[in-house]
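What follows is a short report on a single structure.
The values are calculated or read from the model by the stated rules, or taken from the named source; none is laboratory data. Keep in mind that what you see is a predicted model, and the values were worked out from it rather than measured. Glycine also receives a Cβ, built like all others from the backbone with ideal geometry; neighbour counts cover every protein chain displayed.
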Amino acid sequence: MKTFLKISGIAYVFIFISGFYANFIILETLIDSNKSSETIGNIINNSDKFKNGLIAFLIMIVSDILLVWSLFKVTKSIHKTLSHIASIFRGLHAVFFIVALFQLSKIYNLTYNATYSIQLEIKVFDLLLWFDKLWTIGLLFFAVHLLVLSYLILKSSYTSKFIGYFLIVAAVGYFIDCFSKLYFTNYSDYKLYFETMVVFTAIIGELSFTLWLIFKGFSKKTFRL
């Protein structure tokens, strides 16, 4: 059990670090949906930086796939069927993100050593839209995973119930942001508020769970969920 707790905790840390770096340090500084020509110039002139973002996202998704397996091992003793369901939904999130990541790799191939053209701009922004949409759909599956996981945590006789409630808060944050992004036509006007909400709720829920996994994984005490 402790081995799987350690793996889960460490994988979550890699997800937090690589995901934050790729999304906020790389993509957010290169891409502006309101300035298409400037965005293309940023990507063309910063191909190495864009590639680093791809590598970071790859590390994130590999860690996420590892977490599907290790979390199942951690939670299966609570309720095996629900643990399978939680794993399936997290796995679906991973699948959608892998397909989304292919869109970014296509952008890298199109823009590497390229020169600006209106045709390139159209292709790149079409791929960016697909990346964003696929990742958003994947995060809806991820939100369902968090809800099922929160139930498993609440059913556990050892885990703090607060973590289960925090995970519900995180799931609700993802649901609100994703549905707003998919169906709210003026989403871009309120993007900062939605992203702040998601980051805040994720920190409350997922980071608290991560810290618990690491603490229990490296603790000398033995226990069963």
- Message: Within segment 21-31, does at least one residue satisfy the condition of being closer than 27 Å to Leu154 by Cβ and surrounded by 15 or more Cβ atoms within 10 Å (Cβ to Cβ)?
- Response: no
- Consider only pairs whose beta carbons are under 9 Å apart and that are at least six residues apart or on different chains; among these, list those whose first residue lies in segment 75-95 and is touching a residue at least 12 places away in the same chain (Cβ under 8 Å) and under 13 Å from Asp64 (Cα atoms) and whose second residue is among the aromatic types (Phe, Trp, Tyr) and surrounded by fewer than 17 Cβ atoms within 10 Å (Cβ to Cβ). Ser87/Trp69
- Does segment 171-189 include one or more residues that are of a type in the set (Lys, Arg), without any contact (Cβ under 8 Å) to a residue 24 or more places away in the chain and either under 23 Å from Phe131 (Cα atoms) or touching a Lys or Arg at 6+ places or on another chain (Cβ under 9 Å) (or both)? no
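Conditions (1) surrounded by 16 or more Cβ atoms within 10 Å (Cβ to Cβ); (2) in contact with a Leu (Cβ under 7 Å, 6 or more places away or on another chain); (3) of a type outside the set (A, V, I, L, M), marked per residue:
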residue: Ala100; (1), (2), (3): yes, yes, no
residue: Tyr112; (1), (2), (3): no, no, yes
residue: Phe125; (1), (2), (3): yes, no, yes
residue: His145; (1), (2), (3): yes, no, yes
- Message: Looking only at residues that are surrounded by fewer than 21 Cβ atoms within 10 Å (Cβ to Cβ) and of a type in the set (A, V, I, L, M) in segment 164-193, which one is nearest to Ala22 (Cα to Cα)?
- Response: Leu192
- Query: If only one of Leu128, Leu152 is assigned to a helix (DSSP H, G or I) and within 18 Å of Leu182 (Cβ to Cβ), which one is it?
  - Reply: Leu128
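Condition check ((1) modelled with pLDDT of 95 or more; (2) under 30 Å from Lys80 (Cβ atoms); (3) in contact with a Pro (Cβ under 6 Å, 6 or more places away or on another chain); (4) of a type outside the set (A, V, I, L, M, F, W, C)) across all residues:
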site	(1), (2), (3), (4)
Ser117	no, no, no, yes
Leu127	yes, no, no, no
Phe131	yes, no, no, no
Phe162	no, yes, no, no
Gly173	yes, yes, no, yes
Asn186	no, no, no, yes
Glu195	no, no, no, yes
Ile204	no, yes, no, no
Phe223	no, yes, no, no
- Evaluate segment 195-203: report whether one residue or more is more than 26 Å from Ile88 (Cα to Cα), out of contact with any helix residue (DSSP H, G or I) (no Cβ under 7 Å at 6 or more places or on another chain), polar (S, T, N, Q) and part of a helix (DSSP H, G or I). yes
- Message: Going through Ile78, Ile15, Ile44 one at a time, which residue ends up being crowded, with 17+ Cβ neighbours inside 10 Å and over 30 Å from Gly217 (Cβ atoms)?
- Response: Ile44
- Message: Could you tell me how many of the residues in segment 160-170 are in contact with a Phe, Trp or Tyr (Cβ under 9 Å, 6 or more places away or on another chain) and either closer than 15 Å to Asp132 by Cα or of a type in the set (Ser, Thr, Tyr) (or both)?
- Response: 1
- Considering each residue of segment 47-65, count those that are surrounded by 18 or more Cβ atoms within 10 Å (Cβ to Cβ) and of a type outside the set (Phe, Trp, Tyr), and give that number. 6
- Query: Would you pick out the residues in segment 27-66 that are of a type in the set (S, T, N, Q) and either under 26 Å from Ile118 (Cα atoms) or touching a residue at least 60 places away in the same chain (Cβ under 8 Å) (or both)?
  - Reply: Thr29, Ser33, Asn34, Ser36, Ser37, Thr39, Asn42, Asn45, Asn46, Ser47, Asn52
- Query: If we keep just the residues of segment 81-93 that are aliphatic (A, V, I, L, M) and surrounded by fewer than 19 Cβ atoms within 10 Å (Cβ to Cβ), which is farthest from Ile153 (Cα to Cα)?
  - Reply: Leu92
